[in-house]
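Visitor: Sharing a structure below in structure tokens format, with a few things to ask.
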Amino acid sequence: MSKINPLSTLSLVLIALGGACLLAFNLIGSTIDAQGVLHEPFGLIPIGWLLIACGVVLGLASLTRAALCLLKPRSDP
């Protein structure tokens, strides 16, 4: 049985949270009040993309680490 890598788990969580932020932005939507001011949750867009980017970077680091562990020669005593 293989052990779950916490780095890959964290990367999946960050990607899911980023997707949730972008989904929430679309679900909340934008409105214009009586004075003509636009109200939208704009902060969710950069936060979502930042979380997705961090998740992808961590995922690539996890894959690189796993590949290096597979390629490393084992010394059996």
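Visitor: Suppose all protein chains stay in the model; what accessible area per residue would a 1.4 Å probe give for the chain, in Å²?
Guide: 80
Visitor: Given q = 0.13, 0.19, 0.20 Å⁻¹, what are the Debye log10 I(q)/I(0) values for the chain, with equal point scatterers placed on the Cα positions and solvent ignored?
Guide: Here log10 of I(q) over I(0) equals -0.56, -0.82, -0.86.
Visitor: Using only the alpha-carbon atoms, how far is helix 6-28 inclined from the longest principal axis of the chain? Give it as 0 to 90 degrees, nearest 10.
Guide: 10
Visitor: Shifting gears a bit: Using helices alone, I'd like the mean residue ellipticity at 222 nm for the chain: each DSSP H run of four-plus residues gives -39500 (n - 2.57), total over residue count, nearest 500.
Guide: The helix contribution divided over the chain gives -23500 deg cm²/dmol.
Visitor: Could you work out what % of the accessible surface of the range 1-40 is carbon and sulfur, using a 1.4 angstrom probe and leaving DNA, RNA and ligands out of the count?
Guide: Carbon-and-sulfur percentage of accessible area, whole number: 70.
Visitor: Oh, and also: When only DSSP loop residues count, what chymotrypsin sites (Phe, Trp or Tyr not before Pro) in the chain have their Cβ near at most 11 other Cβ atoms within 10 Å?
Guide: 42
Visitor: Quick check: the angle from helix 44-71's long axis to the longest principal axis of the chain, C-alpha only, nearest 10 degrees?
Guide: Tilt of helix 44-71: around 10 degrees.
The values are calculated or read from the model by the stated rules, or taken from the named source; none is laboratory data. Owing to the predicted nature of the structure, the values given are computational and were not obtained by experimental measurement. So basically every Cβ, Gly included, is an ideal-geometry build from the backbone, and we count neighbours across all protein chains shown. Quick note on the areas: whole protein, heavy atoms, side chains included, nothing else; ligands and nucleic acids left out. Shrake-Rupley method; radii C 1.70, N 1.55, O 1.52, S 1.80 Å.
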